[in-house]
Amino acid sequence: MNPTVLYIEDNPLNMRMVRKTLANLGYDMIEAIDGLSGLDIALRQRPDLVLVDVNLPDMDGLEVMARIKANPQSASIPVIALTADTTHSDRERCLSAGCDGYIAKPIVSIELKNLLAHFLASKSGDQMPV
Ligand code: MN
């Protein structure tokens, strides 16, 4: 079974780019375009990893992450935040809020690949080079 990644993102271009990358890497993907539906999917379907855009239309992505971590059902799911704000303070804000990882936009596909391999290596049947 392929690892499943939930991507919560309101920007269709980023969604398309990540969809392509995940397909190439052999991951299954669930898509959500706002925080509330993403949260709902995370709790119900419990993906192996969550990627969350920090700037969502209805809810701060860090709030989505905090709610995932607050629920015992989903607390162990790694959450990686994506943000267009590449300042050092924003990175710190994501990590100190409790995110497991951080990716700056524009998303670099190899960077995404390496982070996913790091968190999902144990979930995958194949050994993935980091
Ligand atoms: Mn956004």
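Each reported figure results from applying straightforward, stated rules to the coordinates on display, with no laboratory input. As the structure is a computational prediction, the values presented were derived from the model and not from experiment. Don't worry about glycine lacking a Cβ; one is built from the backbone with ideal geometry, like all the others, and counts go over all protein chains shown.
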| remark: Cα-only Rg/Rh for the stretch 39-89 with Kirkwood Rh rounds to 0.98
| task | Mind checking which of A84, L22, Y7 is farthest towards the positive end of the chain's charge dipole, using Cβ charges of +1 (Lys, Arg) and -1 (Asp, Glu) about the Cα centre? | result | L22
| remark: the chain: relative contact order from alpha carbon pairs under 8 Å, six or more residues apart, as a whole percent, is 23
| Extreme residue, positive dipole direction of the chain, given options C94, G35, Q45 (C-beta unit charges) | Q45
| note | Projected onto their principal axes, the Cα atoms of the stretch 1-105 stretch, largest extent first, over whole-Å spans of 37, 31, 22
| query | Using a simple spin-label model with points 7 Å from Cα along the Cα→Cβ vector, what separation in nm is obtained for R44 and N11? | reply | 2.8
